[in-house]
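**Q** Sending over a structure as structure tokens; questions will come in a sec.
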Amino acid sequence: MSERSTAPARVSVPQVLRVLDQQPRVRDFLATAHAEGRLSHAYLFLGAPGSGMLDGAYALAKLVVCPNGGDGSCDECIRVSHRTHPDVHYLKPGSATGYLVDQIRKLIDDVSLAPVRGSGKVYIIDNAGLLRSASANALLKTIEEPPAGVYFVLIARSAAAVLPTIVSRCQQVPFRIVAQDAAEKEVEILSGIGGTDARIALAVAGTPERAAEFLASADRRQVRRVVVRTMGELADDDSWDVLLGAKAILDAVESPLEQYRKSQEDSLKEHADYLTSAAMKQLEQTNKRELTAKERSGIMEAFSAAESLLRDVLVRREGVAEPIVNEDVADVVDRMAEYATSEAVLRALSCISQAADDLSHNVTPQLVLETMLLSVKEALTCPPSFR
């Protein structure tokens, strides 16, 4: 996709691509390719979290399976929206360190099968940078020469994060960072909620679509409140209090997962009578991975909430002439800005980045949260030592 890739005026944009209105170049590029019947068999969507790449991938999937040119209202499009379409597959790393070779082998086996409902199939591969050598090599030939009607959409932060052999087989589509004002307006359109709440939701969740989901979830908003309270009390807490704060955050993250865990257990009981023991074990492992992924996603949102709060403290410390994001807890921001230097806040932000990295490397969530909060407390309240 070149810098000048735009759709000619005569090309109408399918309704399903309107989700990319904040990415007009990408929207028009895909609209033109679809109208001219030259969709690539493999795309590599590149951009920062929050730029709408996953939404774009599902929009492209609707174009492929929709019999009406991407109307967004037919049964096929609705199934894609609900993530229940049998010909649209979403993959994410099977472990904290990357994709499992077995995951890719199953994908390759599935590619050879005919579509269940239509004439096309789409495979969305998130975090493509975690396709390591073994799993990537298994996928190369399939991406290069897939069967007719099979499409791949890989998602990554940058081409540099993806193995060159994979990059060379995909058409790159860069996503730009969405302007804050435009993103806030989109959140308000989707959720009916604007202003401070919309800004907070974007800071925590990333994209307008996910921000709207965040605003609709009392449990996720509660996690953010617990994080703010815990961060605001760090200066006065002793080590035991900090550990209790970590537990409170983890409890808030896991609270909404109890119902999900129960539904998994009920599903296992329903399948127990006709699945083999091996199939049951595989289903249990899949359920466990899904539950772990949801837990880690919740913790990452907690990290984002903490980062947003610290950035507001930095704005106060530096006297930047712009409103803070967390206006509803301005008293917490001001209190932290009174005792924490700008250098201390930057060190604390680094501690959160390290915690996110630890979580991605399979360190237990409880330990990650405890270590993160203790490190942030030290960074904010203890001056660095010089030798």
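**Q** Take A302 and decide whether it is under 17 Å from the mean Cα position of the chain (by Cα) and crowded, with 21+ Cβ neighbours inside 10 Å.
**A** Details: under 17 Å from the mean Cα position of the chain (by Cα): yes; crowded, with 21+ Cβ neighbours inside 10 Å: yes.
Yes.
**Q** A further question follows. Does region 274-286 contain any residue that is open to solvent by 60 Å² or more (accessible area, probe 1.4 Å) and within 18 Å of I352 (Cα to Cα)?
**A** Initial filter on region 274-286 (open to solvent by 60 Å² or more (accessible area, probe 1.4 Å)): 274, 276-278, 281-282, 284-285.
From what is left, the residues that are within 18 Å of I352 (Cα to Cα) are none.
Taking every residue of region 274-286 in turn, none turns out to be open to solvent by 60 Å² or more (accessible area, probe 1.4 Å) and within 18 Å of I352 (Cα to Cα).
**Q** From the residues in region 2-26 that are under 12 Å from R176 (Cβ atoms) and surrounded by 17 or more Cβ atoms within 10 Å (Cβ to Cβ), which one is modelled with the highest pLDDT? Steps first, please.
**A** Initially, region 2-26 is screened for residues under 12 Å from R176 (Cβ atoms), giving 3, 20, 22-26.
Subset that is surrounded by 17 or more Cβ atoms within 10 Å (Cβ to Cβ): 20, 22-23, 25-26.
Working: L20: 89, Q22: 80, Q23: 89, R25: 92, V26: 95.
For region 2-26, the residue satisfying everything is V26.
**Q** Pick from A302, A293: which is under 30 Å from S267 (Cα atoms), assigned to a helix (DSSP H, G or I) and at pLDDT below 90? Show your work before the answer.
**A** Working: A302 fails: at pLDDT below 90.
Result of the check over A302, A293: A293.
**Q** What number of residues within region 191-208 are of a type outside the set (A, V, I, L, M, F, W, C) and crowded, with 18+ Cβ neighbours inside 10 Å? Working first, answer last.
**A** Initial filter on region 191-208 (of a type outside the set (A, V, I, L, M, F, W, C)): 191-192, 194-197, 199, 206-208.
Add one more test, that the residue is crowded, with 18+ Cβ neighbours inside 10 Å, and what stays is 191, 197, 199, 206-208.
Number satisfying all stated conditions: 6.
**Q** Please go through region 158-186 and give me each residue that is modelled with pLDDT under 95, of a type in the set (S, T, N, Q) and within 18 Å of H41 (Cα to Cα), ordered by number.
**A** Passing the criteria: T165, S168.
**Q** If I324 satisfies all but one of (1) over 22 Å from S95 (Cα atoms); (2) outside any helix (DSSP H, G or I); (3) open to solvent by 40 Å² or more (accessible area, probe 1.4 Å), what's the number of the condition it fails?
**A** Checking I324 against (1) over 22 Å from S95 (Cα atoms); (2) outside any helix (DSSP H, G or I); (3) open to solvent by 40 Å² or more (accessible area, probe 1.4 Å), the one that fails is (3).
**Q** Could you check region 219-277 and list, in sequence order, the residues that are among the acidic types (D, E) and either under 23 Å from R296 (Cα atoms) or without any contact (Cβ under 8 Å) to a residue 60 or more places away in the chain (or both)? Before the answer, list the steps.
**A** In the first step, residues of region 219-277 are kept if they are among the acidic types (D, E); the result is 219, 233, 236-238, 241, 251, 254, 258, 265-266, 270, 273.
D219, E233, D236, D238, D241, D251, E254, E258, E265, D266, E270, D273 - these are the residues of region 219-277 that are among the acidic types (D, E) and either under 23 Å from R296 (Cα atoms) or without any contact (Cβ under 8 Å) to a residue 60 or more places away in the chain (or both).
**Q** Determine which member of the set A340, A356 is surrounded by 12 or more Cβ atoms within 10 Å (Cβ to Cβ), within 22 Å of L202 (Cβ to Cβ) and either touching a residue at least 40 places away in the same chain (Cβ under 8 Å) or touching a strand residue (DSSP E or B) at 6+ places or on another chain (Cβ under 6 Å) (or both).
**A** Values: A340 fails: within 22 Å of L202 (Cβ to Cβ).
When all the criteria are applied, what remains is A356.
**Q** Evaluate region 161-173: report whether one residue or more is closer than 17 Å to P49 by Cβ and not small (G, A, S). Steps first, answer last, please.
**A** Filtering region 161-173 down to residues closer than 17 Å to P49 by Cβ leaves 161-162, 173.
Still in the list and also not small (G, A, S): 162, 173.
Yes: one or more hits.
**Q** If we keep just the residues of region 41-56 that are part of a loop (DSSP other than H, G, I, E, B) and of a type in the set (G, A, S), which is most open to solvent (accessible area, probe 1.4 Å)?
**A** Start the filter on region 41-56 by keeping residues that are part of a loop (DSSP other than H, G, I, E, B), which leaves 41, 47-52.
Restricting the remaining residues to those that are of a type in the set (G, A, S) gives 47-48, 50-52.
Working: G47: 8, A48: 37, G50: 22, S51: 7, G52: 11 Å².
If we take residues in region 41-56 being part of a loop (DSSP other than H, G, I, E, B) and of a type in the set (G, A, S), then A48 is most open to solvent (accessible area, probe 1.4 Å).
**Q** Within region 96-119, is even one residue in contact (Cβ under 8 Å) with a residue 60 or more places away in the chain, open to solvent by less than 20 Å² (accessible area, probe 1.4 Å) and either outside any loop (DSSP other than H, G, I, E, B) or within 24 Å of A59 (Cα to Cα) (or both)?
**A** For region 96-119, residues in contact (Cβ under 8 Å) with a residue 60 or more places away in the chain, open to solvent by less than 20 Å² (accessible area, probe 1.4 Å) and either outside any loop (DSSP other than H, G, I, E, B) or within 24 Å of A59 (Cα to Cα) (or both): absent.
**Q** Of the residues R316, R224, R220, which single one is among the charged types (D, E, K, R), surrounded by 18 or more Cβ atoms within 10 Å (Cβ to Cβ) and touching a Gly at 6+ places or on another chain (Cβ under 8 Å)? Quick ask: steps written out before the conclusion?
**A** Values: R316 fails: touching a Gly at 6+ places or on another chain (Cβ under 8 Å); R224 fails: touching a Gly at 6+ places or on another chain (Cβ under 8 Å).
Only one candidate qualifies: R220.
**Q** Could I ask something else about it? Note down all Cβ pairs under 7 Å where the first residue falls in region 296-313 and is farther than 21 Å from P256 by Cβ and without any contact (Cβ under 8 Å) to a residue 40 or more places away in the chain, the second is of a type in the set (V, I, T) and not in a helix (DSSP H, G or I), and they're at least six residues apart or on different chains.
**A** Sorted first by the residue in region 296-313, then by its partner, the pairs are D312/I324; D312/V325.
**Q** Name the residue, out of R38, R83, that is open to solvent by 60 Å² or more (accessible area, probe 1.4 Å), in contact with a helix residue (DSSP H, G or I) (Cβ under 9 Å, 6 or more places away or on another chain) and either farther than 25 Å from V187 by Cβ or modelled with pLDDT of 90 or more (or both). So that I can check it myself, show each step before the final result.
**A** Numbers: R83 fails: either farther than 25 Å from V187 by Cβ or modelled with pLDDT of 90 or more (or both).
Within the list R38, R83, the selection yields R38.
**Q** Could you list, ordered by first residue, the pairs with Cβ atoms under 7 Å in which the first is in region 52-76 and without any contact (Cβ under 8 Å) to a residue 24 or more places away in the chain and the second is open to solvent by less than 30 Å² (accessible area, probe 1.4 Å), at least 6 apart or interchain?
**A** N68/C74; C74/C66
**Q** Looking at region 57-74, can you tell me whether even one residue there is closer than 24 Å to M300 by Cα and open to solvent by less than 40 Å² (accessible area, probe 1.4 Å)?
**A** Of region 57-74, the ones closer than 24 Å to M300 by Cα are 57-58.
From what's left, open to solvent by less than 40 Å² (accessible area, probe 1.4 Å): 57-58.
Looking through region 57-74, at least one residue is closer than 24 Å to M300 by Cα and open to solvent by less than 40 Å² (accessible area, probe 1.4 Å).
**Q** Now a separate question. Scan region 365-375 and tell me whether some residue there is open to solvent by 20 Å² or more (accessible area, probe 1.4 Å), in contact (Cβ under 8 Å) with a residue 60 or more places away in the chain and aliphatic (A, V, I, L, M).
**A** Yes.
**Q** Sticking with this structure for a sec: Taking into account only those residues within region 155-190 that are open to solvent by 90 Å² or more (accessible area, probe 1.4 Å), charged (D, E, K, R) and touching a residue at least 24 places away in the same chain (Cβ under 8 Å), which is nearest to R38 (Cα to Cα)?
**A** So the residue we want is R176.
**Q** Report the residue count in region 355-387 for those that are modelled with pLDDT under 90 and part of a helix (DSSP H, G or I).
**A** Total meeting the criteria: 5.
The values are calculated or read from the model by the stated rules, or taken from the named source; none is laboratory data. Keep in mind the model is a prediction, meaning the values are calculated, not measured. With ideal geometry, Cβ positions are generated from the backbone for all residues, glycine too; neighbour counts draw on all protein chains shown. When the accessible area is computed, the model is the full protein with side chains, heavy atoms only, and any ligands, DNA or RNA have been set aside. Shrake-Rupley method; radii C 1.70, N 1.55, O 1.52, S 1.80 Å.
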